[in-house]
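As C-alpha cells, the structure follows; a few thoughts come after it.
Rule-based calculations on the coordinates, nothing more; no lab input. If you're wondering where the values come from, they're calculated on a predicted model, not measured in any experiment. Cβ: placed from backbone, ideal geometry, glycine included. Neighbour counts: every protein chain shown.
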Amino acid sequence: MIGWNWRDYASSEDPDTPDISTFEPHAFVSARYDKSEGIVIAEVTGYSPTYQRDIIVTARVPADEANENYLD
C-alpha cells in the first residue's frame, strides 16, 4: 500500500458514497506524488458493503508517511 496509515487520509469524493468505514480495497486506479504539496494522492477502487457496490476512495498521504516507492 501507499503507507501504513493511508486510511487515516482517505475519503470518498462522491457525495453519494461518503461512508468508507467498511471499504475493502482491491486495486489502485492511480497514484502520484505531488511534490509541491508534499503528499501522495492515490485513488483506490474496492467494494463497499455499506453501498453494496464498488466505489473509489482517494487518499492524500503526507510524504513522510508514504511508502518511499511513490515519492519519485
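GluC sites (Glu not before Pro), restricted to segment 1-68: which are DSSP loop and have at most 15 other Cβ atoms within 10 Å?
Glu13, Glu37
Run the numbers on the chain and let me know its relative contact order in percent, using alpha-carbon pairs under 8 Å that are six or more apart.
About 37 percent, as a whole number.
With just the Cα atoms of the chain, tell me how far they stretch along each of the three principal axes, in Å, largest first.
The Cα atoms of the chain stretch 35, 20, 18 Å along their principal axes.
Where Lys and Arg each count +1 and Asp and Glu each count -1, what net charge lies around Ile56 among other residues with Cβ under 12 Å from its Cβ?
-4
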